[in-house]
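Asks: Take this structure first; my questions come after.
The values are calculated or read from the model by the stated rules, or taken from the named source; none is laboratory data. The structure displayed is predicted, hence computed values, not measured ones. No Cβ is skipped: glycine too gets one built from the backbone with ideal geometry, and neighbour counts run over all protein chains shown. These area figures cover heavy atoms from the full protein model, side chains too; ligands, DNA and RNA do not enter into them. Shrake-Rupley method; radii C 1.70, N 1.55, O 1.52, S 1.80 Å.
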Amino acid sequence: MDINRPERKEQKNRRRIVYAIAAVVTVGLATAGVARLEPAAPVVERSSIVIETVKRGPLLRQVRGTGSLVPVDVNWIAATTEARVARVVTQAGTVVGRDTLILQLTDPAQVQRALDARYVLEAGEADLKSLRNRLASEQLTQRAIAAKLKADLDQAILRAAADDELAANGVLPELTRRLSRNAADELRNRYELESQRLRINAVSMQSDVAAQEAKLAQLRAQSRLQEQQLASLEVRAGIEGVLQQVSVEVGQRVAPGTILAKVVQPTQLKAQLRIPETQARDVAHGQRAEIDTRNGLLRGHVIRIDPAAQNGSVTVDVGLDGPLSRGARPDLTVDGTIELERAADVLYVSRPVSVQEQSDGLVFRLDANGATRTRVRFGRSSVTAIEIVGGLREHDRVIISDMSAWDEVDRVQVQ
């Protein structure tokens, strides 16, 4: 016979509740533990990345740019008058001298203008000669009048002196003596006036001649200009070198200022480099440079820096110090490296991708278990290396290749 024991049933219910609570707590703790676990770090293949070691020592700061060799002396030949191309005498690529004929132009109107200017000049020269002859004749006439007055004056003075003596002796009336004296005084005044007019006319004559000479000088200048424009129809090289370009064809009409040809001196070249504007701020005159022509290296120095940037780059001219290498010619594509400075003892590493100088950046630093993203302060930079100011130590190893695919994680495994 079963005996009802309520206390056992109550104990059994309590035990079930405790088990249920324990199960719930265990499941909660397990869930919380799993939630707090970090996801596994992604794996990066070692063969797909570039690893470099932080070093200490001298750092050669350089900037690099591409460009071309350009002539130092260039003669752009332009048309000075409207004309038509009659003949191309010399083809591009020909070695030319200063007086080598390149093009023959024709312009009948210019020929007529030169002839008109020459005739006007000749007429002006004839007018000047005629003016001088006329003025000289007038001057001789005035001198003759003055000379006659001087002779009459001297005669009147002698007569007046004789009359004074006769009147003093009572031989000649006083009236006659006064008339003689008045005649002498009148001739003296006329002679003085004529002498003054002669001097004024001499000055006026010089002014007339000077005015005509100035007009003649203007006519000479106009004639010389027309002759030069006529001579410019025969287009010559102007300098010794190579005819690099002929820009017109036979039969073409050209206006004043139209570029006809280009002559360069191929033995005198300079390098014109395009330096990124972010790296050009430390470039200065006189800095040493090295130009790679693919056929040899040329030494040089910075001679000019363009004050303005174009298309994200600054143009820098490098003068070449030594003889040209074989194959060096105008418009040859070259690479150039400019030496900015030599830092004696700095901490540096090969430049990571997407890192700028004088800024903070993030790189992956390798340790025993993988690579951890680390904030680094960068300083001065060169073409392939950059200074470490803070965040890394000597002998640290970092990944310098592109790690943008892992921007969302702070740690990766390297296998």
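Asks: For the chain, report the accessible area per residue in Å² (1.4 Å probe, heavy atoms, rounded to an integer).
Replies: On the way: 25610 Å² over 415 residues.
Accessible surface, normalised per residue, equals 62 Å².
Asks: Starting from the Kirkwood Rh over alpha-carbon pairs, what translational D in µm² s⁻¹ does the range 181-229 have by Stokes-Einstein at 37 °C and 0.692 mPa s?
Replies: Details: Rh = 13.9 Å.
Rounded, D is 236 µm²/s.
Asks: A follow-up question, please. With springs connecting C-alpha atoms under 10 Å apart, model the chain as a Gaussian network and identify which of Val316, Val235, Val389 has the largest mean-square fluctuation.
Replies: Its mean-square fluctuation being the largest, the pick is Val389.
Asks: Hey, another quick one. At R0 = 35 Å, how high is the FRET efficiency between Ala202 and Glu227 if r is their beta carbon distance? Nearest 0.05 is fine.
Replies: Efficiency computed from Cβ-Cβ geometry: 0.45.
Asks: Measuring from label point to label point, each 7 Å out along Cα→Cβ, what is the Arg118 to Arg281 span in nm?
Replies: 6.6
Asks: Quick one: which residues, 5 or more positions from Val44 or on another chain, have an amide H under 5 Å from its amide H? H modelled 1.01 Å from N in the peptide plane, none for Pro or chain starts.
Replies: Residues meeting the amide H criterion: Gln413, Val414, Gln415.
Asks: Exposed loop sites here are trypsin sites (Lys or Arg not before Pro) in DSSP loop states with at most 12 other C-beta atoms within 10 Å. What is the longest stretch of the chain lacking them? Mind showing how you got there, number by number?
Replies: Values: sites that count: Arg98, Arg294, Arg326, Arg393.
In short, 99-293.
Asks: Okay, moving on. With springs only between Cα atoms under 10 Å apart, run a GNM on the chain and tell me which of Val283, Val50, Val88 wobbles the most.
Replies: Val50
Asks: Could I ask something else about it? State the answer as a single residue: which of Thr176, Gly65, Gln218 lies farthest towards the positive end of the charge dipole of the chain, with beta carbon charges of +1 for Lys and Arg and -1 for Asp and Glu, about the Cα centre.
Replies: Value: Gly65.
Asks: Starting from 0.36 nm per residue, how many nanometres of slack lie between Val25 and Asp127 once their C-alpha separation is accounted for?
Replies: The span from Val25 to Asp127 would gain 23.8 nm if fully extended.
Asks: Are there any GluC sites (Glu not before Pro) in the range 213-298 that are in a DSSP loop and have at most 11 other Cβ atoms within 10 Å? List them by number.
Replies: Details: sites: Glu213, Glu227, Glu234, Glu240, Glu249, Glu277, Glu290; in loops: Glu240, Glu249, Glu277.
Those satisfying the criteria are Glu249.
Asks: Measure out, as a whole number of angstrom, how far apart the alpha-carbon centroids of the range 322-342 and the range 50-106 sit.
Replies: Centre-to-centre (Cα) distance: 14 Å.
Asks: On to the next question. When Rg is the radius of gyration of the Cα atoms in the range 132-182 and Rh is its Kirkwood radius, what does Rg/Rh come to?
Replies: On the way: Rg = 17.2 Å, Rh = 12.7 Å.
Checking Rg against Rh, the ratio lands at 1.35.
Asks: Shifting gears a bit: Hey, quick one: spin label on Asp99, modelled 7 Å out along Cα-Cβ, who in the range 260-276 has an amide N within reach, i.e. under 17 Å?
Replies: Flagged as within label range: none.
Asks: What is the spin-label model distance, in nm, from Ser47 to Arg342 if the labels are put 7 Å beyond Cα along the C-beta direction?
Replies: For the pair Ser47/Arg342, the computed spacing is 4.2 nm.
Asks: Multiply the residue gap between Ser195 and Thr106 by 0.36 nm, knock off their C-alpha separation, and tell me the result in nm, one decimal place. Could you put the intermediate results ahead of the total?
Replies: Numbers: separation 89, 0.36 × 89 = 32.04 nm, distance 6.02 nm.
Stretched fully, the Ser195-Thr106 segment lengthens by 26.0 nm.
Asks: If you don't mind, another one. Compute the normalised compactness of the range 267-340: alpha-carbon radius of gyration over 2.2 N^0.38 Å, N being the residue count.
Replies: Numbers: Rg = 11.9 Å, N = 74, 2.2 N^0.38 = 11.3 Å.
Dividing the Cα radius of gyration by 2.2 N^0.38 Å gives 1.05.
Asks: Here's another thing I want to ask about it. Please tell me the relative contact order of the chain in percent, rounded to the nearest whole number, where contacts are Cα pairs under 8 Å and at least six residues apart. Present the calculation step by step, with values, prior to reporting the outcome.
Replies: Values: 722 pairs, mean separation 119.5, N = 415.
Across the chain, relative contact order equals 29 percent.
Asks: Could you work out what % of the accessible surface of the chain is carbon and sulfur, using a 1.4 angstrom probe and leaving DNA, RNA and ligands out of the count?
Replies: Details: 13030 of 25610 Å².
The computed percentage sits at 51.
Asks: Follow-up. Let me know the charge dipole size of the range 282-415 about its Cα centre in debye, to the nearest 20, where only the beta-carbon of Lys, Arg (+1) and Asp, Glu (-1) is charged. Before the final figure, lay out each step's value.
Replies: Working: 16 positive and 21 negative charges, 47 e Å.
About 220 debye.
Asks: Counting Lys and Arg as +1 and Asp and Glu as -1, each charge on the Cβ, what is the dipole of the chain about the Cα centre in debye, to the nearest 20?
Replies: That gives the chain a dipole magnitude of about 1820 debye.
Asks: Net charge near Glu234: determine it from the other residues with C-beta under 15 Å of the C-beta of Glu234, scoring Lys and Arg +1 and Asp and Glu -1. Each step should come with its number before you reach the end.
Replies: Working: positive: Arg84, Arg87, Arg98, Arg236; negative: Asp99, Asp107, Glu227.
Residues near Glu234 contribute +1 overall.
Asks: Which of the listed residues, Val376, Ala202, Gln310, is farthest toward the dipole's positive end in the chain, when Lys, Arg count +1 and Asp, Glu count -1 at the beta-carbon?
Replies: Comparing the listed Cα positions along the dipole, Val376 ranks first.
Asks: Within the range 307-415, report the GluC sites (Glu not before Pro) that DSSP leaves as loop and that have at most 14 other Cβ atoms within 10 Å.
Replies: Counting only loop positions with at most 14 other Cβ atoms within 10 Å, the GluC sites (Glu not before Pro) in the range 307-415 are Glu394, Glu408.
Asks: Say the dipole of the chain comes from +1 at the beta carbon of Lys and Arg and -1 at that of Asp and Glu; which of Val74, Thr26, Val54 then lies farthest toward its positive end?
Replies: Going by the charge dipole, the pick is Thr26.
Asks: What is the sum of charges, Lys and Arg at +1 and Asp and Glu at -1, for the other residues whose Cβ falls under 13 Å from the Cβ of Arg199? Please report the intermediate quantities before stating the final value.
Replies: Numbers: positive: Arg143, Arg197; negative: Glu192, Glu194.
Once all neighbours under 13 Å are counted, the net charge is 0.
Asks: Computed FRET efficiency, Cβ-Cβ of Leu60 and Gln91, R0 45 Å: what is it to the nearest 0.05? Don't skip to the end; give the middle numbers.
Replies: On the way: r = 47 Å, r/R0 = 1.05.
Once the sixth-power term is evaluated, E becomes 0.45.
Asks: Using the Cβ atoms and a cut-off under 12 Å, what net charge is assigned to the surroundings of Gly124, where Lys and Arg are +1 and Asp and Glu are -1?
Replies: Taking every other residue near Gly124 into account, the sum is 0.
Asks: Using label points projected 7 Å from each Cα along Cα→Cβ, tell me how many nm separate Ser325 and Asn182, to one decimal.
Replies: In this crude label model, Ser325 to Asn182 measures out at 11.2 nm.
Asks: Semi-axes of the range 134-258's equivalent ellipsoid from the Cα gyration tensor, sqrt of 5 times each eigenvalue, largest first, rounded to whole Å? Each step should come with its number before you reach the end.
Replies: Numbers: eigenvalues 1142, 23, 15 Å².
With the √(5λ) rule applied to the range 134-258, the semi-axes are 76, 11, 9 Å.
Asks: Restricting the calculation to Cα positions, tell me the Rg (one decimal) and the Dmax (whole number) of the chain in Å.
Replies: 51.9, 218
Asks: Please work out the Cα convex hull volume for the range 217-352 and give it in Å³ per residue. Could you put the intermediate results ahead of the total?
Replies: Details: hull volume 30.0 nm³, N = 136.
In the range 217-352, the Cα hull volume divided by residue count equals 221 Å³.
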